[in-house]
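Structure, as structure tokens:
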Amino acid sequence: MTISDETPTDTSDADAPSVPSERAIDRSTFVWSFAVLLFVLRVVGPNWRGGLPSFFPDSASFLKVARIGPFSPEFWFTERPVGMPLAYWLAGFDVRWLAVGQSLAYAMTAAFVCDTLLRLTRSRAVGWIASALVGSIVVQPRFALWCIEALSESLGMSASMLSLALWLRVARNPTRRRTRAATLATIAWLLVRDSHGLPVLVIASVMVVVGWRCADKPLRRTILRCASALFVAFAYVAVSQGTSERNQYPLMNNVGLRILPDASMTASFADKGMPVSPTLLDRTGRNTWDDGEVFLRAPELAEFREWVRGSGQFDQLTSLVTDTGFWLGVMNDALPSALGYDFGDYDRFDVGERLPSRFAWFSGIDSPAGLWWFVALALAGVVLIHKRSRLLALILGTGLVASLVELYASIATDAVEVQRHTIGPMLRINLLCVVSVLLAIDGLVRRASVERTPTRDSWLPVSAPAAVILGTIGWFAVENRSQDYDPQYARTIVERAARFGGTYYENGIHNKGPIETLLYDLARLPTSYDTYWFAIAFFALVISVVLGVAARTTARTFGGTPTAMALAATVTTIHFFMSSSDYAGVVYSRNITTALLALVFVVGLWDGAWTDERRARSAWIGSFVVLGLAVQTLLTTLFAAVAVAGLLLVLRRNSSRTGRPWLVAAVAFGGALASAPFWYALRGRFDEFWSGWWTYASFMSDGTGRGYMEQLGLGWNTMVDYYRERPESLLVVVAFVVVGFVRRTTSSPMQRTVTIVFVAWFAGGWIELILGQRYSSHYFSVIAVPTALMLASLIATLSPVLTIVGRWCAEPRRNDDRRASHAPVMLAAALLLVAQGSSLFWDGATRAGRFRSFSAESERRESGLDGQGRTVRAILDLVSDDGDAVLAWTMYPWTYLNNERVPATRLSWKSFMLGEIYLGRTSEEYVLPRTWDWFAADMKESDPAAYLRPKETTLDESTPFADYVNDEFAPAYDGTTIELRVRESIWSRLTAPNESDVTAPMPFVDETGCFRWQGTVKDLDSTEPFGFTFEDADGSAETVHLSINGERGWSSSDNVEFASGPRTSSEADLTLVVGPRSALLIENGSVLAAVRLDGTVRTSVFAPEDVGVVDARRSALTGIPGCVNS
């Protein structure tokens, strides 16, 4: 065979139809980029925070060599092939960055294989099927878990996939350059693990034959030189490893575990020169490190060690040929466990929980029978491929033979950790079999697919998937961050409104417009209770994107190139979504108002909104309606809204297509502002609305006790402190003003107007803060937004610099090019994340990387509850349902939300009943006039079954609230951090004896649930507990226990103790109450311990032999939610 027989770029049959001339855009690179980033996120993300401590002895060996450094000759001739130590050295000896590099290399080389298959196949469908099967193999945990271990397996698999892809490209078009590249990749693969030596010898030998027969002289010389380079590389690895004497360990393992137990093999090796002695025979069944490393230390084995370090290693290799039958038997015995092993024992970081082990029915080779069937099919595929392309068939056949040789050698040359040593060749055999079969099928396809051309933007396939992955990471991170104080309070209002009906102002004291609560109510529609904050996080992302669009519009207005516009939008979006600033990633009222103002700003500068009469009128009226709603949400937004309104009046007044634009604007603004009071007046609920929106808002203003001059002084001091801590923000403002002044004569009218508007908006933001008199960190979004837009205008002035950077990154752009250079944008995003969002980024990466389902997230959150939280929730679950009302004396919205309950009264915080003003004074003057009338009406409506009080709050006994609690509720649980009472009528029904009680035998087993057991337990001591076990009927929930001894009572699972309470008596009058969702252990009317249940359980008793139970009684529960007889 001669290579010159091949047509370089033609792999089709002679009679196959020609490829159509039309071309489509190849978007496969988007898929590869997304897959690579997603793989790295799933593998590395969850473990970054906790670190990736190395564990295996080989990892320490690699680190030892890496610390020598490549500038020392010793590095190149030590106990490890240089590939892995070199990677370790490049990662700065940090396993986390090594894991990132290995994961990227593994995923990128797999994507390269898939991309190569798409180029090799004539049928696009076959190419995608082949790529899907390749992807399903490489993501299997047994192969992927090595990416985060400091071992050479992952790097070896990555190098082999790179080599495979390059050799396949040689088959497509055999050029000298491609041959050299494939050879270099093969050498890199050889330098990672010395077990790659034999397959490289196979490859090099075939290359010699092919090169000898090649008719193209330049190509022949290249092939022969490349083959020589492979032989030289093999010789280097053999010499360097022989010098380090590392190969003595696997040979000693083989002698002790395989050769000595077999008499014929012992004789065979003795004939080859192995010294046999009684001490050596005593090592039968032992490995190198057993019994204090006798193989390495015993003086009697000195001659044996000399043989091992000399001719023994060559004797081992020759034995693979002369004793093939024995070694094939060893291989046959080892294959079932090696192929069926899932490597769970090696999976220290739970990669197997985050990656799929199979793709539909396909899981690759997982048994000896599967291996030989796959190999047979692959060989049949190679035969079919040979008819179309002899070179492709030769490459696939050589690769398959080399991988089988490596599998044979890996099993035969070391008896320790056989499964781990076979993982590399098994990946290659899997891939080669899939590739061979699918390329053979492709050769049978008669119709070729349309050729594809790459996208014009070389970086777009990377930046677009990166944006999706980054948005996903941010979404998970912000889901947790968005659960801030005020957002949780807003949720309690909408949850109460959903439970009892009525307006938002009938369900909470709310001193803002209804837009905020409406937004939080909308989040309920597509979500469950546990996934609610994901919707809020999405709203936070939308708000950030709106601000990003405003920044992009600003950059365009000031003459920025597409790169400058993209950079401004990216920086702004990331800052307001994922930065360390407290206003980022939350949905407070000021985040909403600033987004509304930014939306109007974008519409005002977008020419497309003013192109015809209908659009112009809609834009004019809609813009002022939005401004009115923003001011309605927060009255102090008026000053910033005036600035944005000025932009519309100056730039778009004549384009509005209305006869009287000023009047129309005033009516639209005023109508929107007055819409809420007018609506609530029509509903007959004006008093509730006005009490919150205006009266309580005025309390917030008056409650600080400051005059206007004091407010201005505090504002000035705050401004000075703010910019002292954030000089970069002050620099942006000053630079913007200076640039605007310098360019005042050369700027366009629109640019001058926008400059003035930004200054006015910025001033309006500070006026809003000063009049609000509160400087909580998240309030500063009102000045951060105009500052960010100022920065966007400054970025526009840097357009020439960004064009140069894009040219450096192979993204040249003409002046009229509408495409952005992606590299500067991605670099800026990375720098911003490092500077402002690294903590949030890794939090999100951890959660997104480990995500399996929303229910799993809920279970993880539940498992994080502390012991007292579990106890409180169990008591509430017994006496009420999720979504029912609970009365609380608290200042914390999570008192309700963590227990999935709603406030029993609209006065959900004690501050409303005491006249406590946030960051202000406390006075009865600040208690709303109808407070206690509303409280009485709410109690009648909600009829709460329980009352909660966090211990850091003290109940004011002088209030009607305290009178109601003392009259209606009985103490049930007194924890260290929280007090819980249950309505007297319910608690007495649960604890007091009644006529339905019947004698209960002991011990007992119950599988029906909904019962009460009472009895006196005697002779308790401080060691052996008495208690009850609750086993889930279908095994889906963990088994839990309620236990008691002479010193304490506690709740637990089989593995973890949840909560514990002290007691002092050896005798206990106990009541056990088992409902459909929880069980309580009560002593003397007070809950000692409690657990939550998952439906009907099997309840049983455990007790020491010397503990007695007297007067045991049992009855069915009545009046309990979920019990049939209630």
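Details
- Pairwise Cα separations in region 26-128 fall into 5 Å bins from 0 onward with the following percentages, short to long: 2, 12, 17, 15, 14, 12, 10, 8, 6, 2, 0.
- Loop chymotrypsin sites (Phe, Trp or Tyr not before Pro), region 317-393, which have at most 10 other Cβ atoms in a 10 Å radius of their Cβ (DSSP): Trp361
- For region 248-312, the relative contact order works out to 42 percent when only alpha carbon pairs closer than 8 Å and six or more residues apart are counted.
- Percentage relative contact order, the chain, counting C-alpha pairs under 8 Å, at least six apart: 10 percent
- Listing Lys387, Lys272, Lys940 from fewest to most neighbouring C-beta atoms within 10 Å gives Lys940, Lys387, Lys272.
- Zero-based 5 Å bins, Cα pair distances in region 992-1116, whole percents: 2, 11, 23, 26, 21, 12, 4, 0
- For region 248-312: Kirkwood Rh in Å [reciprocal of mean 1/r, alpha carbons]: 11.4 Å
- Total formal charge among the other residues, if their Cβ is under 15 angstrom from that of Thr572, Lys/Arg +1 and Asp/Glu -1: +1
- Between region 1005-1020 and region 58-105, the Cα center-to-center distance that results, in Å: 63 Å
- Extension gain, Ala215-Arg683: 0.36 nm per intervening residue step, less the Cα-Cα distance, totals 159.2 nm.
- Ranking of Trp694, Trp459, Trp76 by neighbouring Cβ atoms within 10 Å, starting from the fewest: Trp694, Trp76, Trp459.
- Kirkwood analysis of the chain, using all unique Cα-Cα pairs, places the hydrodynamic radius at 35.5 Å.
- A straight Cα-to-Cα reach below 25 Å connects Lys910 with the lysines Lys512, Lys940, Lys951, residues fewer than 8 places away in its own chain not being considered.
- Inter-label distance, nm, simple model (7 Å from Cα along the C-beta direction), Ser698/Leu827: 5.8 nm
- Take the Cβ atoms of Arg177 and Asp607, set R0 to 56 Å, and the FRET efficiency comes out at 0.65.
- For region 241-280, the residues whose backbone nitrogen is under 12 Å from a point 7 Å from the Cα of Val416, taken along Cα to Cβ, are 247-257.
- Estimated FRET transfer efficiency when R0 is 45 angstrom, pair Asp933-Asp1069 (beta carbons, to 0.05): 0.55
- Stretching Asp967 away from Thr527 to a fully extended chain increases their span by 154.6 nm, per 0.36 nm per residue minus the current alpha-carbon distance.
- Ellipsoid equivalent to region 981-1027 - semi-axes via the Cα gyration tensor, in Å: 24, 17, 12
- Over region 326-378: Rg over Rh, Cα atoms, Kirkwood Rh: 1.06
- Debye-sum result for region 266-375 in log10 I(q)/I(0), which assumes one identical scatterer on each alpha carbon, at q = 0.15, 0.16 Å⁻¹: -0.88, -0.92
- Sites Ala1033 and Asp94 - FRET efficiency at Förster radius 45 Å, r taken between beta-carbons, to 0.05: 0.40
- Spin-label model, Ser858 to Asn332: label points 7 Å out along the Cα-to-beta-carbon direction sit 5.4 nm apart.
- Backbone amide hydrogens, once placed in the peptide plane, bring Phe1058 within less than 5 Å of Ser1051, Ser1052, Ser1053, excluding anything fewer than 5 places away on its chain.
- Amide N of region 826-870 lying under 18 Å from the label point, which is placed 7 angstrom from the Cα of Ser777 along Cα→Cβ: 833-844
- Taking region 992-1116 and dividing mean pair separation by its residue count, relative contact order in percent (alpha carbons under 8 Å, at least six apart): 39 percent
- Order of Leu627, Leu714, Leu317 under a 10 Å beta carbon neighbour criterion, fewest first: Leu317, Leu714, Leu627
- Couplings for region 418-425, taken from phi via the Karplus curve 6.51 cos²θ - 1.76 cosθ + 1.60 with θ = phi - 60°, read 4, 4, 5, 6, 8, 5, x, x Hz in order; Gly and Pro are left as x.
- For the chain, the dipole from Cβ point charges (+1 on Lys and Arg, -1 on Asp and Glu) about the Cα centre works out to 6980 debye, to the nearest 20.
- With the helix formula -39500 (n - 2.57) applied to DSSP H stretches of n ≥ 4, the chain reaches a computed 222 nm mean residue ellipticity of -18500 deg cm²/dmol.
- Placing a pseudo-label 7 Å from each Cα along the Cα-to-Cβ vector at Ser748 and Lys940 gives an inter-label distance of 6.5 nm.
Just so you know, all these numbers are worked out from the coordinates, no wet-lab data involved. Quick caveat, the model's predicted, so the values are computed rather than measured. Note that each Cβ is placed from the backbone with ideal geometry, even for glycine, and that neighbours are counted across all protein chains shown.
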